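Below is one structure; the comments refer to it alone.
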Amino acid sequence: FCKVTGAENLGRADCSADAKLGDIGVGIKTFLANNNNTMQKIAEFNRDASSIRYKNAEAVVGIISKLRNERILSTMRIYGINKMIYHCIVREPNLIKICETPMDLIDISNIKDISTRSNGNSINFNDGKNEYSFNLNKNTLFKRFDTSSSVYEFQVKILDDPYELLSRLVTFKIDAEKETSTPKYDSVILPLFSDRGGRNVP
C-alpha cells in the first residue's frame, strides 16, 4: 500500500493506523469475503486484561470502548491525522475487491444490544453505526465489515501451486546473480620476497 500510494508506513508503530496518507490514517485489512458481511479483528487489549477481569458484560464493553476510542484519538494527535479509514483488500473466488470504510470511534452513549454468547467467551454489542464483538479469552475486539460495495475490483487468476512459482523466481534470481557477477579466472598467487633480507624487493 505504501509503495503504491507513497504513504508513510506506520506498520511497526504501536498505533491504530498502519499508514498515513496526507492527513488520513489508514488501517489496512486483508481477508476472505464471507457473504459480504464478516467480523474482523481490529484491536487487542492484552495489556489491559486485568482491568476487565471478573467484570460483567456492560462494564467490559464500557472499558473496551473507552480504550479503543483513546487509541484512535491518540494516534490522530501524535501523527497529525484528521480522518481515519479502513482500506480493505477482500478476496473472493478469482476476484479482488478494494473496500474503504470509516474507522469510527465507538459511540459510547449509544451502545446497545449487549449480549454474551452461550459459551461465555465473547460479548456482542453495537452503537447504532457498527457491530462489535469482544473475545474475552483473547482480549480481542472484532468489527463487522460490510463488503457489498467496493471502490475498485478486478479479476485475478488464483495459482494452483504458488510454491512452484516462488521456486522458479528464486532460481531465476540466483541465475541472474551468476550472470552479473565478476567472472573468475584460473590464477596463482606469487608472493614477492627477497632472500637478501630487508623489506625492499629488487
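Among what's in the range 84-113 and is of a type in the set (D, E, K, R) and open to solvent by 60 Å² or more (accessible area, probe 1.4 Å), pick the residue that is modelled with the lowest pLDDT.
Applying the first criterion (of a type in the set (D, E, K, R)) to the range 84-113 yields 91-92, 97, 100, 104, 107, 112-113.
Narrowing the set further to residues that are open to solvent by 60 Å² or more (accessible area, probe 1.4 Å) leaves 91, 100, 112-113.
On the way: ARG91: 91, GLU100: 96, LYS112: 94, ASP113: 94.
That would be ARG91.
Would you list the strands (runs of 3 or more DSSP E) that sit entirely within the range 77-161 and hold 3 or more residues that are among the aliphatic types (A, V, I, L, M) and within 22 Å of GLU44 (Cα to Cα)?
Passing ranges, in order: 83-92.
Per-residue answers, yes or no, for (1) hydrophobic (A, V, I, L, M, F, W, C); (2) surrounded by 15 or more Cβ atoms within 10 Å (Cβ to Cβ); (3) modelled with pLDDT of 95 or more:
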| residue | (1), (2), (3) |
| --- | --- |
| LEU21 | yes, yes, yes |
| GLY62 | no, yes, yes |
| MET76 | yes, yes, yes |
| SER115 | no, no, no |
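Condition first: in contact with a strand residue (DSSP E or B) (Cβ under 7 Å, 6 or more places away or on another chain), within 12 Å of GLY25 (Cα to Cα) and among the aliphatic types (A, V, I, L, M). Now tell me which residues in the range 60-94 satisfy that.
Passing the criteria: ILE72, MET76, ILE81, MET84, ILE85.
The values are calculated or read from the model by the stated rules, or taken from the named source; none is laboratory data. Values in this document were obtained by computation on a predicted structure and should not be read as measured data. Neighbour counts run over all protein chains shown; Cβ positions are idealised from the backbone, glycine included. Each accessible area value is taken on the protein alone, full model and side chains, heavy atoms only, with ligands, DNA and RNA left out. Shrake-Rupley method; radii C 1.70, N 1.55, O 1.52, S 1.80 Å.
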